[in-house]
Amino acid sequence: MTDCKKIADLIFSDVDKSTEYYEELYPARNLPEGARVTRFAPSPTGYLHFGGLYAGFASKLTADTTGGVFMLRIEDTDKKREVEDGVTGIVQGLRAFGVAPDEGVTSFKTEYGEYGPYTQSHRREIYRAFAKKLMEEGKAYPCFCTPEDLDDIRAKQENEDIKGYYGSYAKCRDLTDEEIIEKVNNGVPFTVRLRSVGDISRKIKFEDMIKGKIEMSENVNDVVVLKADGIPTYHFAHAVDDHLMRTTHVVRGDEWIASIPVHIELFRALGNKPLKYAHIAPIMKEENGSKRKLSKRKDPEANVSYYIEKGYPEAAVKEYMLTILNSNFEEWRKANKTEDISKFPFNLKKMSVSGALFDMVKFNDVSKNVISVMTAKEVYKLVTDWAMDYNEVLYALLSEDKDKATAIFNIDRDNPKPRKDIACWEEVENYVSFFYNEIYDADYALPEHLNKEDAIEILAKYKDVYSKDDSKEEWFNKIKELCTDCGFTPNVKEYKQNPDAFKGHVGDVSTVIRIAITSRTNTPDLYYILQILGADEVMRRIDDAINSYKA
């Protein structure tokens, strides 16, 4: 019979702390009853995917709504696939959209919290202590199989229903102490495997907080817990970390459901209670009448940095994520139009079982709605903060005259139905361009039903009556008087009843002036545009338009 402690001491001679030491070092958290401890645990093997932000937000909401804790843990055990600045991109992406953790990794080199390290590559000694415990209890053993041995096993199992390292295929499961000691002393590379006690004929049942009741066959594979280089597998590291960090609920992609039997067996082998799981279906995108996963390769919007670079505000991204996270959010929003989203009663059980549908058109609509109800000061600050990094020209223009810029953003903002022109800060340069000659490109093209001669007459007569000191009512009355003088009617209804009697209506007269001043047919309130530009600039632009039509 194997002397488990003897073998464990041989293999883990470097381990000088017991698992009891770590249990005391990381005690149960002092939190209110019902508080949930969640984590987002990405690998820095690529950019932060929108689906990751989505899962992280769901984890944070789960913790926040119960008075719990949300952690960021970096699972960097796969060093071969790790990318430069991977951790930085994750941290910045979460922070940019309000999914910053309560504890965990806060930058590439810093962490915050009492349950760290929160970077797995810094927890090697912890994993080895727990692997040693498993081996001492006969629940793990060293495996000396080479890659060629494993390939041979896979070839033999090609036509079998169950594949893996188990039963008669587990060649190292029953090595004698002498064989193990000899191989270790001779420097033969080895992994450490779980000695599974699973039975394929038995089932495990668990309640997924999104999917509902799930039943699966027990794990029978002697899975690797420590690789040959001493680095833990994801399965083992997750079981150790989530226990010691006192995680209660794990929100992750449903591709991990297949691993549940392994994870439950690992928790039980370690003598710990399995966690509550909530498995999220992938975010889908509709294309040519069918649905597919939001793709890193095909969709720029899959990368969270896309939203940072475009300048989508945090509030808009969170608002949209909630519309696809919980089916009842939009109904709640209609009933609570001005309420902060933190008041929304988020519930994991109301997440889609089949996967949320990502819609960029709807995303932009949501963002426009969110921006439309911001104050002008809020818009100014958020735009200039973004422009400082992404648009130097716009930043210089807005910063030169803060009052002017704020006045521009304030046009039509206090209305019961504010305009919804801006979806992201990248669109602001075009939105404000006619206010700044440095970026204004004049274009006096008229709609087909208006001609240059009438435009010249309207603009020339408008010059004679325009006054910057007019109230809005006085200004509009002058526009209506112009209509009569130029053969247009101030009454749209009258024009529709007898269109042959007039050249057009008051809207057409306003359009001629609007084009001369802004080069657009659709703008915010023209009266306030004129007020911001000032009399000299208004006169200059009208003259330029008249000269253009005469040329």
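The values are calculated or read from the model by the stated rules, or taken from the named source; none is laboratory data. Note that this is a predicted model, so its numbers are computed, not measured. FYI the Cβ positions are ideal-geometry reconstructions off the backbone, even for glycines, and counts take in every protein chain you see. Each accessible area value is taken on the protein alone, full model and side chains, heavy atoms only, with ligands, DNA and RNA left out. Shrake-Rupley method; radii C 1.70, N 1.55, O 1.52, S 1.80 Å.
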Exclusive hit being open to solvent by 40 Å² or more (accessible area, probe 1.4 Å) and in a strand (DSSP E or B), set Lys285, Lys273: Lys285
From the list Ile439, Ile517, exactly one residue is at pLDDT 95 or above, in a helix (DSSP H, G or I), within 30 Å of Asn364 (Cβ to Cβ) and within 50 Å of the chain's Cα centre (by Cα). Which is it? Ile517
Which residue pairs have Cβ atoms under 7 Å apart, sit 6 or more places apart or on different chains, and have a first residue in segment 414-433 that is within 20 Å of Lys402 (Cβ to Cβ) and a second that is part of a loop (DSSP other than H, G, I, E, B) and not small (Gly, Ala, Ser)? Val428/Ile422; Glu429/Asn391; Glu429/Ile439; Tyr431/Asp421; Tyr431/Ile422; Ser433/Ile439; Ser433/Tyr440
Of the residues Tyr444, Tyr380, Tyr431, Tyr395, only one is closer than 22 Å to Ser519 by Cβ and in a helix (DSSP H, G or I); which? Tyr431
So which residues in segment 407-428 are in a helix (DSSP H, G or I) and either of a type in the set (Val, Ile, Thr) or closer than 14 Å to Ile529 by Cα (or both), if there are any at all? Ala407, Ile408, Phe409, Asn410, Val428
Tell me which of these Glu148 doesn't satisfy, since it passes every other one: (1) within 30 Å of Val184 (Cα to Cα); (2) surrounded by fewer than 18 Cβ atoms within 10 Å (Cβ to Cβ); (3) of a type in the set (Asp, Glu); (4) in contact with a helix residue (DSSP H, G or I) (Cβ under 8 Å, 6 or more places away or on another chain). (4)
When only residues in segment 100-144 that are in contact with a Ser or Thr (Cβ under 6 Å, 6 or more places away or on another chain) and more than 25 Å from Leu53 (Cβ to Cβ) count, which is most open to solvent (accessible area, probe 1.4 Å)? Lys133
For segment 12-39, how many residues meet the condition of being outside any helix (DSSP H, G or I), of a type outside the set (Gly, Ala, Ser) and open to solvent by 20 Å² or more (accessible area, probe 1.4 Å)? 11
Give segment 1-11 a look and list any residue that's more than 17 Å from Cys172 (Cβ to Cβ) and open to solvent by less than 80 Å² (accessible area, probe 1.4 Å), or say none. Asp9
Tell me, please, whether a residue that is buried (at least 19 other Cβ atoms within 10 Å of the Cβ), touching a residue at least 60 places away in the same chain (Cβ under 8 Å) and polar (S, T, N, Q) can be found in segment 514-527. yes
Buried (at least 22 other Cβ atoms within 10 Å of the Cβ), β-branched (Val, Ile, Thr), in contact (Cβ under 8 Å) with a residue 24 or more places away in the chain and on the phi < 0 side of the Ramachandran plot, is that true of Val224? no
